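Heads up, the thing below is written out as structure tokens.
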Amino acid sequence: MGVFFAAPESARWRNAALGALVLLIAFFALDARRGFPHGGSSLGLTYGALALAAILVLLFFGVRKRRYKSRWGRLETWLQIHVYLGLLSFVLVLLHTGFRFHDKVAISAFLVLTAVVLSGIWGALLYRQVPRLLSEVETNLPPDKISEQLNQLARAMARLAAERSAPFREVHRALLAEALPRGLAGWRILRGRRHDRGDREGGEAAWTGLLARVGREEQEDLRRLLVFARQHRALHRRFVAQQRYKNLLEVWLFLHIPLSIALLALVAAHLIAVFYFS
């Protein structure tokens, strides 16, 4: 669990979570020696109540994030509680079941809880990595200014290609086509592409072949076009990288939050079924 945070305060929460984990497993082991543990036993019900309280605290984190002037502790502290309590809630529910799974609603709730915990771990890793990756590609320009610069470069390239020979215009169209979005562009951006030094060297080597396609009188203008294209490509890649990392965080939210709401509904259904039919 220490993979998520490294601050001294986090170490305290990590140690507290580990201590609670040891106690929970110890009580379960002692209870198992007296009889077969199950969710309806005294200890099983205690674990169930603790798991429910933990889930409610976890859901409150979404409310706390939106209350910037709240006096209920620092947001960073709440985030650490959210991570470690989320992992503990999974153990609590597992001990609550006594490792016996019969009720379909309870099984569904447990599977959704597993998905919530796994998506939470993924989110914690994202929030640890994405800010660093964003700092590597962030510019001092907002997205609308970057878009304006891209359009200016595209217009400059179009002016150079106007009234040129057919091969010159063909090169121009091919260079612009690199930045045109393809089908499912919103999903493709999440995958991304790595551009290493070999790609850059390959692009520079290709200049000679492109220059040979036009007459000598147009080669100087084509060199300028290729310089504009390189600037356009570099700015476009930086813009796409920024959007990719931000989209990853949004995709995680669209996954984690609905799963959490589904978990709450299934837990409520489980409680109603248990207390009503019992």
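Here are the numbers for this structure:
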| quantity | calculated |
| --- | --- |
| Residue identified as surrounded by fewer than 16 Cβ atoms within 10 Å (Cβ to Cβ), out of contact with any helix residue (DSSP H, G or I) (no Cβ under 8 Å at 6 or more places or on another chain), in a helix (DSSP H, G or I) and modelled with pLDDT under 55 among E250, E217, E201 | E201 |
| Top-ranked residue in the range 41-73 [being surrounded by 12 or more Cβ atoms within 10 Å (Cβ to Cβ) and modelled with pLDDT under 75; ranked as farthest from the chain's Cα centre (by Cα)] | S70 |
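The values are calculated or read from the model by the stated rules, or taken from the named source; none is laboratory data. Since the model is a prediction, treat every value here as computed from it, not as a measurement. Positions of Cβ are generated from backbone atoms using ideal geometry, with glycine treated the same way; all protein chains shown enter the neighbour counts.
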